[in-house]
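Engineer: Would you mind keeping the following structure in view while I ask a few things?
The values are calculated or read from the model by the stated rules, or taken from the named source; none is laboratory data. The structure displayed is predicted, hence computed values, not measured ones. Quick reminder, even Gly has a Cβ in these numbers, built from the backbone with ideal geometry, and neighbours come from all protein chains shown. We work out accessible area using only protein heavy atoms, side chains counted, and drop any ligands, DNA or RNA first. Shrake-Rupley method; radii C 1.70, N 1.55, O 1.52, S 1.80 Å.
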Amino acid sequence: MTGEAAAGVDDRLDLGGWVQLGLMVLLGAGIAVVVGVLIDGPFPWVTVVVIGVALAVVLPVAQLRRWWSRGGRSAVVETGSWLRSGRVPEEVPDAVWRPRVRQLEDETTGRLVSAWGAAVVTLLWAGSALDGDGADWALVLVWAVVATVGLVGSYRRRGAARRLLSTRHPVVSTD
């Protein structure tokens with residue numbers, strides 16, 4: 001996190017970015033602990049530790065890559081503020097904001113597919129849990145939360161991106 005812009009990517013992280021990465025580390029470790037507690041199996045505790053460490057590394061690195069692919073964390077935060085407010089400041093040229101919002105809209109479509117996949121897994125796990133034990137229902141709840149958050153968030157962001165793209169018209173050059 002040097003703060004140097006390489007290829008137009010601002011890689012500086014604010015406090016919110018560091019907190020998000022820290023939470024991803026905890027999430028990765030937590031997933032391994034939950035799996036180790038809920039799933040009966042003849043696997044050693046070392047397996048849980050290895051899975052936890054791997055997820056604690058992979059999840060933050062994947063998040064950093066997502067930020068970098070969208071121009072850095074500051075660009076992601078700025079684009080999010082445009083979506084929340086429903087407007088782009090006049091001084092931001094169309095050549096900057098339109099590609100960002102279109103990319104976010106495209107990514108949101110991919111997240112919708114993932115969220116619907118989580119909904120299908122929820123239903124399948126619920127079918128399996130009908131003749132299982134209580135731990136299966138905990139996993140049904142986890143998948144249901146993942147699916148719900150993904151669906152609601154994705155539909156909301158995609159709608160906001162589409163509204164934003166339709167509100168401002170591109171500037172026509174008189175050259």
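Engineer: Considering every residue within the range 38-50, establish whether at least one is modelled with pLDDT of 90 or more and either part of a helix (DSSP H, G or I) or at negative phi (or both). Please lay out each step first, then the result.
Structural biologist: Keep residues of the range 38-50 that are modelled with pLDDT of 90 or more, which gives 50.
This time we only want the ones that are either part of a helix (DSSP H, G or I) or at negative phi (or both), so: 50.
The answer is yes; a qualifying residue exists.
Engineer: Looking at the range 139-169, which of its residues are in contact with a helix residue (DSSP H, G or I) (Cβ under 6 Å, 6 or more places away or on another chain) and open to solvent by 40 Å² or more (accessible area, probe 1.4 Å)?
Structural biologist: Listed by number, the residues that qualify are Trp143, Val146, Arg157, Arg158.
Engineer: Right, another one. Whether any residue in the range 54-62 is in contact with a Leu (Cβ under 7 Å, 6 or more places away or on another chain), within 23 Å of Ile39 (Cα to Cα) and open to solvent by less than 70 Å² (accessible area, probe 1.4 Å) is what I want to check. Don't jump to the end; show me each part of the working.
Structural biologist: Of all residues in the range 54-62, those in contact with a Leu (Cβ under 7 Å, 6 or more places away or on another chain) come to 59-60.
The next check asks that each one be within 23 Å of Ile39 (Cα to Cα); those that pass are 59.
From what is left, the residues that are open to solvent by less than 70 Å² (accessible area, probe 1.4 Å) are 59.
The answer is yes, given that some residue of the range 54-62 is in contact with a Leu (Cβ under 7 Å, 6 or more places away or on another chain), within 23 Å of Ile39 (Cα to Cα) and open to solvent by less than 70 Å² (accessible area, probe 1.4 Å).
Engineer: Name the residues in the range 79-93 that are in a helix (DSSP H, G or I), touching a residue at least 12 places away in the same chain (Cβ under 8 Å) and open to solvent by less than 70 Å² (accessible area, probe 1.4 Å), would you?
Structural biologist: First pass over the range 79-93, keeping only residues in a helix (DSSP H, G or I): 79-85.
So of that shortlist, the ones also touching a residue at least 12 places away in the same chain (Cβ under 8 Å) come out as 79, 82-84.
Answer for the range 79-93, where residues must be in a helix (DSSP H, G or I), touching a residue at least 12 places away in the same chain (Cβ under 8 Å) and open to solvent by less than 70 Å² (accessible area, probe 1.4 Å): Thr79, Trp82, Leu83.
Engineer: Can you tell me how many residues in the range 112-138 are surrounded by 12 or more Cβ atoms within 10 Å (Cβ to Cβ), modelled with pLDDT under 90 and either closer than 30 Å to Ala75 by Cβ or aliphatic (A, V, I, L, M) (or both)?
Structural biologist: Matching residues across the range 112-138 total 3.
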